[in-house]
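Colleague: One structure follows; several queries about it will come next.
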Amino acid sequence: MDNQRESRRCRRFPVKDGVIALDSVYGEIIDVSFGGLSFRYTAYDDMTTQTQPAEFGIIFGGEELFFENIPLTNVCDIGMDAEAGGGAGEVRRRGMAFGDLVPEQVVILARFIRQFSLEK
């Protein structure tokens, strides 16, 4: 199984520490690539699943990284294990694709992947 070929255009990197904020959604990043990212978050009863075609987000990685105004497109938003929320709300996984990043944003994204990826 270790010889499985990555079928995505951009290699994904599991993340050890990183959070994302999108309007009222705040989540823990699961993995990131140069094409986008996925994160888990808890959806509460008063939240509606955002299905807007484009959003802007902010990524935080500890004190040393603040990456704002990232153009994102919602790719998927699915429910995860109901036990994981601990009764506080539904735990969901959202996949987001990056829009057109300017060169400075690509440099910041590369630094984020280098600093916070589990794979070195």
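A quick yes/no check of all residues on (1) modelled with pLDDT under 85; (2) surrounded by fewer than 14 Cβ atoms within 10 Å (Cβ to Cβ); (3) under 15 Å from Phe98 (Cβ atoms); (4) touching a Phe, Trp or Tyr at 6+ places or on another chain (Cβ under 7 Å):
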{"position": "Asp31", "(1), (2), (3), (4)": "no, no, yes, yes"}
{"position": "Leu37", "(1), (2), (3), (4)": "no, no, yes, no"}
{"position": "Thr42", "(1), (2), (3), (4)": "no, no, no, no"}
{"position": "Glu63", "(1), (2), (3), (4)": "yes, yes, no, no"}
{"position": "Pro71", "(1), (2), (3), (4)": "no, no, yes, yes"}
{"position": "Asp77", "(1), (2), (3), (4)": "no, no, no, no"}
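Colleague: Could you please let me know if Ser24 is at pLDDT 75 or above and surrounded by 13 or more Cβ atoms within 10 Å (Cβ to Cβ)?
Modeller: Here the answer is no, as Ser24 does not meet what is asked.
Colleague: Right, Gln115: in a helix (DSSP H, G or I), at pLDDT 90 or above and not small (Gly, Ala, Ser) or not?
Modeller: For Gln115, the condition - in a helix (DSSP H, G or I), at pLDDT 90 or above and not small (Gly, Ala, Ser) - is not met.
The values are calculated or read from the model by the stated rules, or taken from the named source; none is laboratory data. Values in this document were obtained by computation on a predicted structure and should not be read as measured data. Note that each Cβ is placed from the backbone with ideal geometry, even for glycine, and that neighbours are counted across all protein chains shown.
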